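The structure appears below as structure tokens.
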């Protein structure tokens, strides 16, 4: 008898997220928040002892804790259908995204993975082909698109509430790498995120892809070309830590995208402003429950999460809201929305149902490829003195 996914939780294995990791724990919390997914297995570190230690803290069955991701995927694929995992969550440094994802999909597992998707666009194109061939769900955690008010912003733009889009301003600023903390010997995150071999790109990959994806998701417009000034301010750092870009989107839309990890005192300053010929919208991560809708001839509208009017304007915003007004939802919930929607999609595909826009509302492999094309175009443009450079299709 076929395994009926409608009658049980989906079983997840995680690659990465061991002792000292940050984002792995966030993924685990998000994945399990809605009771759709349970953590069943893991290869949490390249060090088997650390992997076992992490598993013990999570009360996992020792028999399903592995010393390597290759061992785990092969062992889980060999299990009976009603025992093996359904989802692989990949939360490793960037250079270890492509190979585990490709193998997991090849074994028939669904994948949820941290961004940027790969190290190169060539890897991204190959992975897209693998995803398409597999027929499995692949979700990329461009987390900020998981916020209900970002989904509302996207739907208001689509409904023409601001008219035809003219200009976009996207920002993501941090200050945590304003000094060479990667050389201190005790900052694991700084160490690998500033290593080109493991990270690929620096600020452009780590946070620039978020800003670019946010702009494309909300407006529905792809970046077509850009002029970039990419910098490394910290002496001796072999990777970018700041970038300022002039950007052209589809339809003649123009604007600015800037990212920095040396903006002293900034935490995670993310904002998006979209100007149309009849109005404008503004969303800030620091005030993630609020969306501003501006008009040329009347007061600014302040839209708030969880009110009936927000849900009436956006079914996706309503479907990704959990708590009543003035009970804040934040980063963990945004992660949870991606996992929740991926889980819904997995169940519906298994049941042979048609794709529903509300349930299949998460970043995909296409977003991952767009991110890599954006990074490569920005680096190329900057090396050529800010030359306008096409973002490949």
| query | Taking the Cβ-Cβ separation of residue 290 and residue 56 as r and a Förster radius of 35 Å, what is the calculated FRET efficiency to the nearest 0.05? | reply | 0.25
| request: Please report the relative contact order for the chain, taking Cα pairs under 8 Å with a sequence separation of at least 6, and give it as a percent rounded to a whole number. | output: 20 percent
| query | Using the alpha-carbon centroid of each, what span in Å lies between segment 63-126 and segment 42-59? | reply | 16 Å
| query | Counting DSSP beta bridges in the chain, what percent are antiparallel, to the nearest 5? | reply | 60 percent
| Label point 7 Å out from residue 269 along Cα-to-Cβ: which residues of segment 195-235 have amide N under 20 Å? | 203-215, 229-234
| request: Could you give the C-alpha radius of gyration of segment 83-125 expressed as a fraction of 2.2 N^0.38 Å, taking N as the number of residues it contains? | output: 1.13
| request: Express the C-alpha Rg of segment 238-393 as a ratio against the empirical globular expectation 2.2 N^0.38 Å, rounded to two decimals. | output: 1.26
| query | Over segment 5-141, what is the mean sequence separation of C-alpha contacts under 8 Å (at least six apart), divided by residue count, expressed as relative contact order in percent? | reply | 21 percent
| field | Cα point-scatterer Debye curve for segment 5-141, base-10 log of I(q)/I(0) at q = 0.14, 0.19 Å⁻¹ | value | -0.58, -1.10
| remark: Most exposed first, judged by fewest Cβ atoms within 10 angstrom, 227, 6 run 6, 227
| said: Suppose we look only past 27 Å in the calculated P(r) of the chain. What percent of the Cα-Cα pairs does that tail hold? | reply: 50 percent
| So what's the back-of-envelope 222 nm ellipticity for the chain, counting only DSSP H runs of four-plus at -39500 (n - 2.57) apiece and dividing by all residues, rounded to 500? | -10000 deg cm²/dmol
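I need 322, 84 ordered by Cβ neighbour count within 10 Å, fewest first.
Lowest to highest Cβ neighbour count: 322, 84.
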| message | Can you order the peptides 304-315, 141-152, 329-340 by their average number of other Cβ atoms within 10 Å per residue, highest first? | response | 141-152, 329-340, 304-315
| said: List residues of segment 51-73, by number, whose backbone nitrogen lies under 18 Å from a label position 7 Å along Cα→C-beta of residue 38. | reply: 55-65
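Could you please rank 241, 47, placing first whichever residue has the fewest other Cβ atoms within 10 Å of its Cβ? It would help to have the intermediate numbers written out before the result.
Values: 241 24, 47 12.
If I rank by nearby Cβ atoms, fewest first, I get 47, 241.
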| query | For the pair residue 8 and residue 159, how long in nm is the line joining their label points, each one 7 Å along Cα→Cβ? | reply | 4.2 nm
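Read-outs throughout are calculated quantities, based only on the coordinates presented, and are distinct from any laboratory measurement. Computed from a predicted structure; not experimentally measured. Here the Cβ is made from the backbone with ideal geometry for all residues, glycine too, and neighbour counts use every protein chain on show.
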